[in-house]
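Q: Once you've had a glance at the structure underneath, I'll fire off some questions.
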Amino acid sequence: MKSPNQRARILDVARAAGVSTASVSRALSNPSQVSDETREAVLQAVEQTGYRANRAARNLRTQKTGAILALIPNLSNPFFSQVISGIEQVASQAGYSILVADTENQSTPKIHVADVFTDGIADGVIILDGFMEPESIESVRATGSENLVVYACEWAESVGLPSIRSDNAEGARLAARHLAECGHKRVGHICGPKDNILTPTRRDEFVKEARALGMEVRDEWILPGDFRLASGAAAAETILAMDQRPTGIFSASDMMALGFMKGLLAAGIKIPEEIALIGFDDVAIAAYMHPSLTTIRQNRVEIGRIAAKALLERIQNPNKDWEHFQHIVPVELVGRESTGPLPQK
């Protein structure tokens, strides 16, 4: 029986699990190399013995940092919390910790992806910011570590790195179909940031589908935005000043939709009776607004999980000739109070 001051050793875990110390080491550092039965036995033994791996010693031995860096634009945006949760779920099981950096933080120097590897900051990078300068990302090729970088949610076409993303095109089409089913004939759109990779897909697919369904979409009903609350409120001011307004609006993000909603309600416009509203993302607060927000739900946890799994495969096999790939995660429409049948006049 160990005293409270004695730390459990890997040998103690092996004895408790009925496996070799090598199996314990593999189960903790590279779980994909052992059977599910062995992995479960080791995890139970770890809990039973109170074993804590000496990560510093392991990192010195393997020349690894034991960390994954996630690069996120605007940490204040609640959208990213579930993506990070998904990354954490997978990474922690593999013994990795998560580092997070805000790429829009003006108080910190611009991040060059190559520095992450040359300075030993992390073993791999997940980029959630499609706005990062291509030269910053391209710099990683000089280090030979380009296989250790993946995109999640957003991406950059010119860079050619793997990406895990939602089905943005289908989400926009779902929004148009829902408005058509509610009886709308005049619809508009609040766009994402001008140069964001998501913006043209969500805008163009929505407009194309809406017109194919017989709805009118005027150029003046396509409003600029930047995914933030304030741009949604500004879009509401623009709509309120129009002589003829659309009766249905699809916003490229929930945050803009919520800003738009506040502007309409403050002006006495009824939602959905006068203007119906659909967002994109399904952030937690969307369900608790009054009226609650109809939206296109992205499975953000799953995006994070898939991105982490893809990156860990590359970390474990860095010399493999990886083919660049895209993984498209399905979306779904969540109907709530901000849309409904258009009142008959």
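A short reminder: the numbers here are calculations on the coordinates, not readings from a lab. This is a predicted model, so every value here is computed, not measured. Reconstructed Cβ throughout: ideal geometry from the backbone, glycine too, with neighbour counts over all protein chains shown.
Q: Grab the chain and count how many Lys pairs have their alpha-carbon atoms under 27 Å apart, sequence gap of 8 or more, or different chains.
A: 16
Q: Magnitude of the Cβ-charge dipole of the stretch 10-53, K/R +1 and D/E -1, about the Cα centre, nearest 20 debye? Write down the numbers at each step before the final one.
A: Numbers: 4 positive and 5 negative charges, 35 e Å.
It comes to approximately 160 debye.
Q: A follow-up question, please. Of the beta bridges DSSP finds with both residues in the chain, what % are antiparallel, to the nearest 5? Please report the intermediate quantities before stating the final value.
A: On the way: 4 of 37 bridges.
Of those bridges, close to 10 percent are antiparallel.
Q: Have a look at the stretch 134-269 and give its Rg and Dmax from the Cα atoms, expressed in angstrom.
A: Using the Cα atoms of the stretch 134-269, the pair Rg, Dmax is 17.6, 59 Å.
Q: Rounded to whole Å and ordered largest first, report the semi-axes of the equivalent ellipsoid of the stretch 198-251 derived from its Cα gyration tensor (root of 5λ).
A: On the way: eigenvalues 72, 50, 10 Å².
Each semi-axis is √(5λ); the values are 19, 16, 7 Å.
Q: Could you list the trypsin sites (Lys or Arg not before Pro) in the stretch 144-234 that lie in coil according to DSSP, counting only those with at most 10 other Cβ atoms within 10 Å of their Cβ? Mind showing how you got there, number by number?
A: Values: sites: Arg165, Arg173, Arg177, Lys185, Arg186, Lys194, Arg202, Arg203, Lys208, Arg211, Arg218, Arg228; in loops: Lys185, Lys194, Arg218, Arg228.
Sparse-neighbourhood loop trypsin sites (Lys or Arg not before Pro): Lys194.
Q: Between exposed chymotrypsin sites (Phe, Trp or Tyr not before Pro) in the chain, where DSSP calls loop and at most 14 other Cβ atoms lie within 10 Å, what's the longest gap? Can you show the working numbers first?
A: Working: sites that count: Phe131, Phe325.
The longest such stretch corresponds to 132-324.
Q: Just to be sure I understand, if you calculate Cα Rg over 2.2 N^0.38 Å for this structure, which of (i) 1.19; (ii) 0.94; (iii) 0.99 do you get?
A: Label of the calculated value: (i).
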